Amino acid sequence: MNRFADTTLGDAILRDVTLRDGLQLTGKLLPTEQKIQAVRELLRLGVPAIELGSMARPDLVPTMANTLEVVQALTPEELEKCWIWVATPGHVAKASAAGARNFQYCLSASDSHNKANIGRTTDESLAALPEAVGYARAVNGQIQLCIATSFTCPFEGYVPEERILAIANDPRAEGTTDIVICDTLGQAVPAQVSRLIARVRDESPARRIVYHGHDTWGLGVANTLAAIQAGAAMVDGALGGLGGCPFAPGASGNTSSEDILFATRPGWLTPGTFGELVVLSEKLLAELGEPNRSKSAQGARSRAAAFDWVIPSATAGGN
């Protein structure tokens, strides 16, 4: 048994979304080969799931322009652990033709954000969902129902829990394997997250629950832990806390993958693996010219030599 693991939070797994949500607000398109290398490095280190890109229009989200090239370069075994963001049946058809098998079908709980993000009402997105499910099933794939702005909307304010439950129970979502609850603006607090996740668990069809949080107001890790304790089986994070939604004013970076991993200590994570993940994150952020918002990554570079999670090279020669 890994002596560094803490299993008190159950078997929730991390999905790293650096290459999709993480890159959305950056101004630089990473080359295809660099994205492929990042996917393979994350998988090698033990990260169990990855969101590798988006089918969003390249003119609107330029950093996603080479997503299908990344999909085409990966093996079927690698793609089994990778997810792709989609918003229309056509997206699923194109992505599945390239080899993708795991799809995150996203819509917003608020019409205002759905129109800004996807160009249609929430009901129109729901109406198209059965066709998207059909395309996913045709390739033996999985498709998630992803509900953005599950807590607050940048245009409408608070989103009622009943709105989320209505979408979760909509018969047009039949066939989705997971449901993703998103704190798009990072404005929720742990009690809200616990309550909504528990209600989705208890009051909607049985599906795996995924929590997608942001750290805008400093509660990313706290909210993620609350989601896990309430029943979330997968949680999203991005290296260095990178990212945010370009169509949601006030949204900043995702909850840091490093911080989530340091807090949850999954069985595959060791201090050595964690150190490699920090180095990978630092290199990627330097390439993008982005700051590192991860507190755990900063801690790993401290001089606390007696602490296992500090990267050894950072303590060499220290006093």
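Laboratory data are not the source of any read-out in this text; all were calculated from the coordinates shown. If you're wondering where the values come from, they're calculated on a predicted model, not measured in any experiment. FYI the Cβ positions are ideal-geometry reconstructions off the backbone, even for glycines, and counts take in every protein chain you see.
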What are the ³J(HN,Hα) couplings of the range 220-229, residue after residue, when phi is run through the Karplus curve with 6.51, -1.76, 1.60 and θ = phi - 60°? Round to Hz, x for glycine and proline. x, 6, 4, 5, 5, 5, 5, 5, 4, 5
For Val189, Val180, which order do you get if you count the other beta carbons within 10 Å of each Cβ and list the fewest first? Val189, Val180
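Could you sort 276-286, 25-35, 204-214 so that the peptide with the highest average Cβ count within 10 Å comes first and the rest follow in order? Walk me through the numbers before you get to the answer.
Working: 276-286: 19.4, 25-35: 15.5, 204-214: 21.5.
Peptide ranking by packing, descending: 204-214, 276-286, 25-35.
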Given +1 on the Cβ of Lys and Arg, -1 on the Cβ of Asp and Glu, and no further charges, what dipole in debye does the range 7-315 carry about its Cα centre, rounded to the nearest 20? 240 debye
Whole-Hz couplings from phi, Karplus 6.51/-1.76/1.60, listed for the range 281-290; x for Gly and Pro: 4, 4, 5, 5, 5, 5, 4, 8, x, 10
Long-range amide H contacts for Gly231: which residues qualify at under 5 Å (H placed 1.01 Å from N, peptide plane, sequence gap of 5 or more or a different chain)? none
Cα-based shape type of the range 156-297, given that a ≥ b ≥ c are square roots of the gyration tensor eigenvalues and the cut on a/c is 1.5: prolate
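May I ask which of Lys94/Lys295; Lys28/Lys81; Lys94/Lys115; Lys115/Lys295; Lys28/Lys295; Lys35/Lys295 have a Cα-Cα span longer than 27 Å here?
Table pairs above 27 Å Cα-Cα are Lys94/Lys295; Lys115/Lys295.
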Using modelled backbone amide H atoms (1.01 Å from N, in-plane), which distant-in-sequence or interchain residues come within less than 5 Å of Ile13's amide H? Met234, Val235
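Could you please report the charge total around Lys35, scoring K, R as +1 and D, E as -1 over all other residues with beta-carbon less than 13 angstrom from its beta-carbon?
That works out to -4.
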Dipole of the chain (Lys/Arg Cβ +1, Asp/Glu Cβ -1, origin at the Cα centre): which of Trp268, Ser194, Gly157 lies farthest to the positive side? Trp268
Between Ala227, Ala49, Val133, whose Cα lies farthest towards the positive end of the dipole of the chain when Lys and Arg beta carbons carry +1 and Asp and Glu beta carbons carry -1, centred on the Cα centre? Ala49
Scalar couplings 3J(HN,Hα) for the range 254-270 by Karplus 6.51 cos²θ - 1.76 cosθ + 1.60 (θ = phi - 60°), nearest whole Hz, x for Gly and Pro, are 5, 5, 5, 4, 4, 5, 4, 5, 5, 6, 9, 6, x, x, 7, 8, 10
Sorting check: for 50-58, 255-263, 123-131, which peptide has the highest mean count of neighbouring beta carbons within 10 Å, and how do the rest follow? 255-263, 50-58, 123-131
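Count charges around Ala73 for me, please; just the other residues with Cβ under 14 Å from its Cβ, Lys/Arg as +1, Asp/Glu as -1. Kindly include the intermediate steps, with their values, before the conclusion.
Numbers: positive: Lys35, Arg40; negative: Glu33, Glu69, Glu77, Glu78.
Summing Lys/Arg as +1 and Asp/Glu as -1 gives -2.
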Given the C-alpha centroids of the range 39-89 and the range 118-148, what is the distance between them in whole angstrom? 18 Å
